[in-house]
Amino acid sequence: MREYILPSYVEEVLSRLRQNGYQAYVVGGAVRDFLLGEETHDFDICTSARENVVDQLFSDKKKINPNGVKHGTITIRIAHQNVEITSFRHNPGEEPSLETDLRHRDLTINSIAYDGEFIDPYGGINNLQNRILRMVDPEAVIKEDPLRILRALRFQTKLGFQIDDATKEAMIRHASLLREVATERILAELRIILLHPKIDVVLQEYQDIFTVLFPDLKPTVGFDQHTRWHAHTLYVHISHVVANVPPDFTLRLAALLHDNGKIKTVTREDLPDGGYCYHFYGHPAVSAAMAETEFIRHHLPLLETSQTLFLIRYHDIHIGTSKHSVRKMLQHCLEADGIAPLEILRKLLYLQAADHADHTKFVPIEEDHIMAIAEEIVRNQEAFSLKDLKVNGHDMRRLGLRGPDIGSALNQLLELVMADQLPNDHDILMDYVRQQYKK
């Protein structure tokens, strides 16, 4: 094994603690990453010194998170780097030690310490070598902080390791505890988990976890869609769509919730042969409304909310390959805040293609053709929004229009221009309005 050479500023922190009679070790991610052959700049140190002592010993250093003192952690700024120093974790009535601290960490691969040699009481190095994610004591670890359920999934995503059976069973058994976790913390983990290259496998294997995070998913589990278009149950179909879109967070979140509304919109049609099929008319709008409630609960940022809801709302819309159809879609794309129309259109086409690819009767989406038309429209500055028109509200007022008539006239002009029934020419548009609104 190669020599573990710590940065000088980390050695300075360790030395100051030890010279004052305290134990001090590098722990957690920095040790794990070194053993994996990866570089890291995030160093955590655990120590026998209590937090008030650490605060005094490093009184000459800037404190990054003063509020961390009450949780036993102080982050200092040294050599333009942050170093987190934590007093040994332990249970009430338990003598704090390195071993108690390591036992309280989430995974064995994060429960390895270093002080010139590696200290590994819980087999973390062996688990790293065998690519296994294991909790030291799954019951205790999860109950101490249920977010560790998602942290395990996040490490599976990041490292491609397998979660051992005892840990997996405890994660599923205690999934309901995630309801107690702040939604902001959950969202931070989901941003990584949903990008897993085999997210469909993760979603299916841990459906009990994801249906706690998104309760509207629960009725989709095992739901037979009874349609010639689908061979899979609804939840399995959803998992396939999530996996088949590119690893973009808003896109995968939209895919995860795009069909939730099917449960509330299902109608049954009896067939002449005695069988029946289901229809889900209007389910995109219902799915979007349900998703919006979830996004509010999870405190999803407003721009991401707007974009994700747009993708859900329009995932089932047909986009033709005429210029008029593409212009209309670009006009809808303006509803998504904080993103260029071409970019959100591309995401929508990805979602539609992934959705259609999981149908039994595959109808390909002409993504490249539609995007080529859209790019031409944008490149040629063809009108698909009111601001693109060669006339505006001031022009309408000069023609004598007032109040609602102004908006009505402009919207009519835009429709005619997009349909190629009028050129986007100032004089021609003005003449048309004169004729339409002359007294």
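The values are calculated or read from the model by the stated rules, or taken from the named source; none is laboratory data. What you see is a predicted model, and the numbers here were worked out from it, not measured in a lab. For neighbour counting, all protein chains shown are included, and Cβ atoms are generated from backbone atoms with ideal geometry for every residue, glycine included.
Could you list all residues from the stretch 100-111 that are assigned to a loop (DSSP other than H, G, I, E, B) and at pLDDT below 95?
The answer is HIS104, ARG105, ASP106.
For the stretch 330-347, how many residues are closer than 21 Å to LEU414 by Cβ and in a helix (DSSP H, G or I)?
8
Is it the case that some residue within the stretch 116-131 is modelled with pLDDT of 95 or more and in contact with a strand residue (DSSP E or B) (Cβ under 6 Å, 6 or more places away or on another chain)?
yes
Please indicate, with yes or no, whether at least one residue in the stretch 55-72 is crowded, with 21+ Cβ neighbours inside 10 Å and outside any loop (DSSP other than H, G, I, E, B).
No - not one qualifying residue is present in the stretch 55-72.
Would you check which residues across the stretch 376-411 are of a type outside the set (D, E, K, R), over 39 Å from the mean Cα position of the chain (by Cα) and surrounded by fewer than 16 Cβ atoms within 10 Å (Cβ to Cβ) and list them?
Listed by number, the residues that qualify are ASN392, GLY393, HIS394, GLY400, GLY403, PRO404, SER408.
So which residues in the stretch 423-439 are buried (at least 18 other Cβ atoms within 10 Å of the Cβ) and either charged (D, E, K, R) or in a loop (DSSP other than H, G, I, E, B) (or both)?
Across the stretch 423-439, the qualifying residue is only ASN424.
Looking only at the stretch 153-176, how many residues end up being among the aliphatic types (A, V, I, L, M) and buried (at least 17 other Cβ atoms within 10 Å of the Cβ)?
5
Failed condition for VAL378, given (1) in a helix (DSSP H, G or I); (2) outside the structural domain of GLU343 (by TED's automatic domain parsing), with all others met?
Going through (1) in a helix (DSSP H, G or I); (2) outside the structural domain of GLU343 (by TED's automatic domain parsing) one by one, VAL378 breaks only (2).
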